[in-house]
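A.B. asks: Quick one: the structure is below, and I'll ask about it shortly.
The values are calculated or read from the model by the stated rules, or taken from the named source; none is laboratory data. Not measured: the values here are computed from a predicted model. Every residue, glycine among them, receives a Cβ derived from its backbone with ideal geometry; neighbour counts consider all protein chains shown. Surface areas here come from the heavy atoms of the whole protein model, side chains and all, with no ligands, DNA or RNA. Shrake-Rupley method; radii C 1.70, N 1.55, O 1.52, S 1.80 Å.
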Amino acid sequence: MSVSDINTWIGITQNASEHGGLVDHMLGFVHWFMLALFVGWSIFLIIAFTRFRQTKNAKADYYGVRGHASTHIEIGVVVVEAILLLGFAFPLWSRQADDFPTSPDTIKMRALGEKFLWNFQYPGDDLMLSTWNMKGISPANVTGRDLLDPNGKDDFINPGTMKLPVGRPVIVDVASKDVIHNLALVPMRSAQDAIPGVKAHMWFKPVKTGTWDIICGQLCGPGHAQMKAVLEVVEGKEFDEWAKEQSASAAAKSAALNAPVAAAQ
């Protein structure tokens with residue numbers, strides 16, 4: 001039995017990312033610690049309710065606790081929490097925050113939240129995302145990308161589904177059109193707040209194929225519970241074929257849209 005087995009017992013979604021094992025290991029320690037506290041405090045409450053009940057102690061004792069056991073227990077809890085935070089959480093957070101992948105096979109994409117859906121923008125064959133601006137958002141341009149940016153001529157939008165290849169790092173730019181949302185990818189053990197006016201980033205590396213729900217991790221309004229999308233991890237060849245087809249279609253549409261603009265100039 002491993003430390004992280006308790007995560008499976010309480011129903012956490014199976015890990016599907018490279019760094020997720022470290023997260024699950026830390027969560028395993030946290031859950032075992034919480035279980036120990038639950039059992040310990042439950043026993044303490046039973047003893048306290050039994051030993052100090054009114055019928056057995058008709059006269060109140062105003063002096064209070066005379067020993068220091070509770071102080072030692074509280075100090076122990078603080079020490080364990082510090083070990084979990086400094087020994088596990090901070091190093092993992094530092095790695096994920098600073099060590100962004102730079103390999104040529106890295107997928108760079110954009111996730112834009114709004115009430116109550118997600119739009120995912122992909123870079124196309126040139127592997128370069130367009131620049132974008134929230135002021136450029138319109139019914140015909142749901143992500144606000146610069147339609148005249150050469151890097152964006154083959155960018156394509158996939159609403160509601162984040163499709164990714166297995167075994168390749170993924171960097172996601174995360175933002176919001178309206179209120180604070182949260183892109184929560186539970187099987188990837190990754191989540192990032194989508195904040196209006198802020199361009200945030202997250203990265204991970206899928207190691208398993210499959211299909212899972214994407215949820216919004218921030219209460220964002222009356223339709224929050226229905227703000228769902230799909231995370232689909234497929235084999236690399238299938239992803240490349242799909243991306244190539246989508247990129248070609250987007251490039252054709254972009255050329256048609258830009259033709260009148262170019263003629264006017």
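A.B. asks: Take the conditions of a type in the set (S, T, N, Q), within 30 Å of TRP212 (Cβ to Cβ) and not assigned by the TED database to the domain that holds LEU164 and apply them to SER42. Does it pass? Before you say what the answer is, go through the steps one by one.
C.D. replies: Working: of a type in the set (S, T, N, Q): yes; within 30 Å of TRP212 (Cβ to Cβ): no; not assigned by the TED database to the domain that holds LEU164: yes.
Judged against the criteria, SER42 is not a match.
A.B. asks: For LYS108, which of the numbered conditions (1) out of contact with any Phe, Trp or Tyr (no Cβ under 9 Å at 6 or more places or on another chain); (2) open to solvent by 100 Å² or more (accessible area, probe 1.4 Å); (3) not in a helix (DSSP H, G or I) fails to hold?
C.D. replies: (1)
A.B. asks: Among the residues of segment 113-140, write down those that are closer than 27 Å to PRO165 by Cα, open to solvent by 30 Å² or more (accessible area, probe 1.4 Å) and of a type outside the set (Phe, Trp, Tyr).
C.D. replies: Passing the criteria: GLU114, LEU117, ASP125, ASP126, LEU127, MET128, LEU129, THR131.
A.B. asks: Something else about it: Restricting to segment 74-105, give me the number of residues that are without any contact (Cβ under 8 Å) to a residue 40 or more places away in the chain and either in contact with a strand residue (DSSP E or B) (Cβ under 6 Å, 6 or more places away or on another chain) or surrounded by 14 or more Cβ atoms within 10 Å (Cβ to Cβ) (or both).
C.D. replies: 0
A.B. asks: Kindly indicate whether GLY124 is modelled with pLDDT under 95, farther than 30 Å from LEU22 by Cα and not in a helix (DSSP H, G or I).
C.D. replies: Details: modelled with pLDDT under 95: yes; farther than 30 Å from LEU22 by Cα: yes; not in a helix (DSSP H, G or I): yes.
When the stated conditions are applied, GLY124 passes them.
A.B. asks: Hey, among the residues in segment 1-48 that are touching a Leu at 6+ places or on another chain (Cβ under 8 Å) and open to solvent by 60 Å² or more (accessible area, probe 1.4 Å), which one's nearest to VAL80 (Cα to Cα)?
C.D. replies: PHE29
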